[in-house]
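Have a look at the structure below before the remarks.
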Amino acid sequence: MRELLIILLLIISSPDMNAEPASGKHPVAIAIHGGAGTIIKDNMSAEKEAAIRAKLEQALMAGHKVLINGGDALDAVTIAITTLEDSPLFNAGKGAVYTYDGSNEMDASIMDGGNLNAGAVAGVSRIKNPILAARAVMDQSPHVLLSGSGAEAFSASVGLKLVEPAYFQTEFRRQQWENSHKPATAAIQSATDKWFSTVGAVALDQGGDLAAGTSTGGMLNKRWGRVGDSPIIGAGTYADSRTCAISATGHGEFFIRAAVAHDICSRARYLKIPLTEAAEAVIHKDLVGMGASGGVITLDPSGNIGLVFNTPGMYRASIDTRGKATIKIYRP
Ligand code: ASP
């Protein structure tokens, strides 16, 4: 019913929102995620679910609007992720999980499938939108991955907005962190620490180019400058317009070791199998075999969308090449 409503809205709300671009142009598609984990209906209030759905819809529409107006896949990915970073509901930007020491350290990356350019930041605590910093690293520096205070100095030098570390803190995440330090509330921790809530987006533009991006606060209670898979090109993010755009979410240590995003893309390219089939093999067989949980969103050059995860749920939303919008949280 809700899907129907969104499709109707797409059709009637704006003449711009035509799924079919002008003739000769490539049909567009976009998918986003807000993390995978122990997301079960019984643990979710109706208000929270409604708020999450609304924010996913807003991010999805913002990205799709860029695409149907002829914008780049990179810009669609950037605006979708920025929208989710600004929301306290997700573990990225404002609302990031707390480190063991009670701070917030964020990672983000973005990749342009058209030329294999990429940018990323890791362990940043003052950049309001880490995905914009990743984009700036790609567009305005000779490097791919900047970390910590250096990444912040670079971001300031290119005019990005820096904020006080307190900006990222939320009561929900503070309580999650506090509870996780108390053995008596171990049950609360186990119910919440698997809610990864990282965000990501993949998009296909009218020029036929693919792009992917991912942004996260990492994992609750991480220590010692731990960096996850999200800013690692080939692990949490990968895009190559010949084959794939992929953004991952899950237990980062495993995603790095399995080079998840690049492996999925390479399997599809070398084995000449559908991208979703490659994703299913990696997420359901390899990662499960390693004892790892998580998921990916994938998009191929024809606009086929994959939303693949081995957890009870994954916040996910997409608009396919026909303009059909879908927003889902739990397992089908
Ligand atoms: N992959 C992220 C990390 O390990 C966490 C997540 O996806 O929620 O940092």
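Restricted to region 240-251, and to residues there that are among the small types (Gly, Ala, Ser) and surrounded by 24 or more Cβ atoms within 10 Å (Cβ to Cβ), the residue that is farthest from the ligand (Cβ to nearest atom) is Ala245.
With Thr237, Thr216 as the choices, which residue is in contact with a strand residue (DSSP E or B) (Cβ under 9 Å, 6 or more places away or on another chain), within 10 Å of the ligand (Cβ to nearest atom) and touching a residue at least 60 places away in the same chain (Cβ under 8 Å)? On inspection, the qualifying residue turns out to be Thr216. The set of residues in region 219-234 that are more than 8 Å from the ligand (Cβ to nearest atom) and either under 12 Å from Thr298 (Cα atoms) or polar (S, T, N, Q) (or both) contains only Asn221. Scanning region 293-332 for residues that are more than 18 Å from the chain's Cα centre (by Cα) and of a type in the set (Gly, Ala, Ser) returns Ser302, Gly323. Tell me the helices (runs of 4 or more DSSP H) entirely within region 173-286 that contain at least 3 residues that are modelled with pLDDT of 95 or more. The qualifying helices (runs of 4 or more DSSP H) are 252-257, 260-271, 275-280.
Would you call Gly289 away from the ligand (no atom under 15 Å from the Cβ), out of contact with any His (no Cβ under 6 Å at 6 or more places or on another chain) and not hydroxyl-bearing (Ser, Thr, Tyr)?
When the stated conditions are applied, Gly289 passes them.
For region 287-307, name all the residues that are polar (S, T, N, Q), under 14 Å from Ile246 (Cβ atoms) and part of a loop (DSSP other than H, G, I, E, B). Listed by number, the list holds a single entry, Asn304.
The values are calculated or read from the model by the stated rules, or taken from the named source; none is laboratory data. Note that the structure is a prediction, hence the values are computed from the model and not measured. Cβ sites come from the backbone with ideal geometry, for glycine too, and all protein chains shown count toward neighbours.
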